[in-house]
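**Q** Please find one structure pasted underneath; my questions will follow.
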Amino acid sequence: MIAIVDYGVGNLFSLISSFKKIGADIIVTADAEVIKSSDRIILPGVGAFEDAAKKLRESGLDKVIIDEAVKGKKLMGICLGMQMLFEKSYEYGCHKGLGLLKGSIVPMQDSIPANLKIPHIGWNALHFTRESYLFKYIKNNDCVYFVHSFYADECSDSVIATAEYGKQLTAAVQKGNIMGCQFHPEKSGEVGLNILRAFCEME
Amino acid sequence: MITKRIIPCLDIKNGRVVKGTNFKGLSDVSSPIELARFYSDCGADELVFYDITASYEGRQLFTDILTKVASEIFIPLTVGGGINTVDDFDRVLKCGADKVSVNSGAIKNPLLIREAAHKYGDQCVVLSVDIKRVNGEFRVFAKGGREDTGIEAINWIKQGVSYGAGEIVINSIDTDGVKQGFDIELLRLVCNEVNVPVIASGGAGNMQHFIDLFKEIPDIDAGLAASVFHFGEVAIPKLKKELKSNGIIVRL
């Protein structure tokens, strides 16, 4: 069973629908015991980092997720949920993340050419930089759907795919059982569903 | 790099797609769910659902259908039509829409853009503008293009962006329905003035019009159309191949 952590950040409709579509056994939950008894965890999130980090901390679920991940349970963060896996974010100040992956979240502004629009919105190609089971059913250069203004930097030990937008932006990360997508697999058509499928099947 | 987007628009009235279609293999050509799946399978990058229903019952039907589409189709969905309040945003976002397009509602109350952008993020708010040339200037029209508001279009668009609109749809009334190509002059002007994605609408009659659009205005993000797709005059898989062979980056 996959626990989708519901900590009041963003709309989970599409994510839930896409897991149902691929026939995954999911439960949407904010209950620590349910998360502990699950065999995989999805950490979603849309919105501002500070607000999301605060909500996760206040719910006490931050510690539960860290404990489970350290024990080896498969954990995937999506969009802001991926960003939360890192040590810190410089989105409007400096805020602490879960610290499960090395690196920090930084603004695109000033690090990509000024003529490029921010947020980075739309379909962009994935460039694999490492092998990952997550890519089992997809190909290098397949397109996925992005919506973000901040990205993970100084994370060379976990990056598995990038997307070119003025520079190579971190698109997906994995370090053992801990992984994440900056893009939205639940909005990326068949390619996205195939990434979720691989996550569900990963041994 | 970000790919250029091709977006079919479906007009929905009382739960059915209004404009007729004639695709092989579709058992029900006016079913929004069947058409949405067809376009998604064809490689449409996004879908726009425009609700032209006026009644409360029709609106309920629309949200039921949207929920079904969003449970089956996993590409970005934009909803427009009858969006006048933040509650309207809430209603369609809960059913699985990703973006909400405002037009007359924002003309009546420009702060709707700011409130919605604050609550749901800029990326969620699409400002759709119907524009027509009047006495040598570009004017904003309301109520489905029937009413001249007297507002100058470029200023209105800039105001909308400053209030938090994350994307702009430009529908040129002058080129709409004529099928002689997109309104390059107007679209170029808008692209030079704003730094958010701009979607071109109105005037597509064939594949060459899309090629011209993306070649002449490298900053344009997407081409939106309804009847050329619905009537099969332009087939999306072929269009995308053609765009690619013309050096335009698309998702295949």
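**Q** Loop-only check: which trypsin sites (Lys or Arg not before Pro) in segment A:119-203 are DSSP coil with at most 11 other Cβ within 10 angstrom?
**A** Sparse-neighbourhood loop trypsin sites (Lys or Arg not before Pro): A:LYS139.
**Q** OK, next. Measuring from the lowest to the highest alpha carbon on each principal axis, how far does chain A reach, largest first, in angstroms?
**A** The Cα atoms of chain A stretch 48, 37, 30 Å along the principal axes, largest first.
**Q** If you restrict to DSSP beta bridges whose two residues both lie in chain B, what percentage is antiparallel, to the nearest 5?
**A** 25 percent
**Q** Something else: Let's see if you can work this out: charge +1 on each Lys and Arg Cβ, -1 on each Asp and Glu Cβ, no other charges. What is the dipole magnitude of the protein assembly as shown about its Cα centre, in debye to the nearest 20?
**A** 540 debye
**Q** Please figure out what share of the DSSP beta bridges in the protein assembly as shown is antiparallel and state it in percent, rounded to the nearest 5.
**A** 40 percent
**Q** Using a 10 Å cut-off around each Cβ, can you sort A:LEU98, B:LEU252 from fewest to most neighbouring Cβ atoms? If you can, show how the numbers build up before the last one.
**A** Working: A:LEU98 23, B:LEU252 13.
Ranked by crowding around the Cβ, least crowded first: B:LEU252, A:LEU98.
**Q** Label 7 Å along Cα→Cβ of B:LYS108; segment B:46-78 residues with amide nitrogen under 20 Å?
**A** Flagged as within label range: B:50-63.
**Q** Loop-only GluC sites (Glu not before Pro) in segment A:131-199, please: DSSP not H, G, I, E or B, and at most 16 other Cβ atoms within 10 Å.
**A** Here the GluC sites (Glu not before Pro) that fit, given the DSSP loop and packing criteria, are A:GLU131, A:GLU154.
**Q** Next up: Alpha carbon centre of segment B:71-93 versus segment B:162-197: separation in Å?
**A** Going from one Cα centre to the other spans 22 Å.
**Q** Which loop trypsin sites (Lys or Arg not before Pro) in segment A:12-87, with loop taken from DSSP, have no more than 12 other Cβ atoms within 10 angstrom of their Cβ?
**A** A:LYS71
**Q** Next question, about the same structure. Can you give me the long-range amide H partners of A:GLU87? Hydrogens built in the peptide plane at 1.01 Å from N, cutoff under 5 Å, separation of 5 or more residues or another chain.
**A** Long-range HN contacts for A:GLU87: A:GLY99, A:LEU101, A:GLY103.
**Q** Which far-off residues, 5 or more places away or on another chain, put their amide H under 5 Å from the one on B:ILE151, with H placed in the peptide plane?
**A** For B:ILE151, the qualifying residues are B:VAL140.
**Q** Among A:LEU61, A:LEU75, rank each residue by its count of other Cβ atoms within 10 Å, from fewest to most, as a rough exposure measure. Numbers along the way, then the final one.
**A** Values: A:LEU61 21, A:LEU75 26.
Fewest to most other Cβ atoms nearby, the residues stand as A:LEU61, A:LEU75.
**Q** Could you line up A:CYS79, B:CYS191 from fewest to most neighbouring Cβ atoms inside 10 Å?
**A** B:CYS191, A:CYS79
**Q** Please list, in chain and number order, the residues 5+ apart from B:ASP11 or on another chain whose amide H is under 5 Å from its amide H, with Hs placed from the backbone.
**A** Result for B:ASP11 returns B:VAL18, B:LYS19, B:TYR50.
**Q** Spin-label point model (7 Å from Cα, Cβ direction): what's the B:SER55 to A:GLU190 distance in nm?
**A** So the label points at B:SER55 and A:GLU190 sit 4.0 nm apart.
**Q** Specify the residue with the greatest mean-square fluctuation among B:ILE170, B:ILE113, B:ILE217, computed from a Gaussian network of chain B linking alpha-carbon atoms under 10 Å apart.
**A** Highest fluctuation of the listed residues: B:ILE217.
**Q** How big is the Rg/Rh ratio for segment B:5-245, C-alpha atoms only, Rh by Kirkwood, two decimals?
**A** 0.94
**Q** How many angstrom lie between the Cα centre of segment B:47-67 and the Cα centre of segment A:107-172?
**A** The distance from the Cα centre of segment B:47-67 to that of segment A:107-172 comes to 35 Å.
**Q** Once the Cα atoms of segment B:113-159 are picked out, what are the Rg and Dmax in Å?
**A** In order Rg, Dmax, the Cα atoms of segment B:113-159 give 12.5, 38 Å.
**Q** Next up: Dividing the convex hull volume of the Cα atoms of segment B:1-124 by its residue count, what figure in Å³ per residue is obtained?
**A** Looking at segment B:1-124, the number lands at 114 Å³ per residue.
**Q** So for the protein assembly as shown, what percent of the C-alpha to C-alpha distances run longer than 28 Å?
**A** Roughly 49 percent, rounded to a whole number.
**Q** Share of antiparallel DSSP beta bridges in segment A:2-201, in percent to the nearest 5?
**A** On the way: 23 of 41 bridges.
The answer is about 55 percent antiparallel.
**Q** Extension gain A:LYS136-A:VAL28, at 0.36 nm per residue separation less the Cα-Cα distance, in nm? Write down the numbers at each step before the final one.
**A** Numbers: separation 108, 0.36 × 108 = 38.88 nm, distance 2.58 nm.
The span from A:LYS136 to A:VAL28 would gain 36.3 nm if fully extended.
Coordinate-derived values only; no laboratory data. Everything quoted here is computed from the prediction, not taken from an experiment. Glycine also receives a Cβ, built like all others from the backbone with ideal geometry; neighbour counts cover every protein chain displayed.
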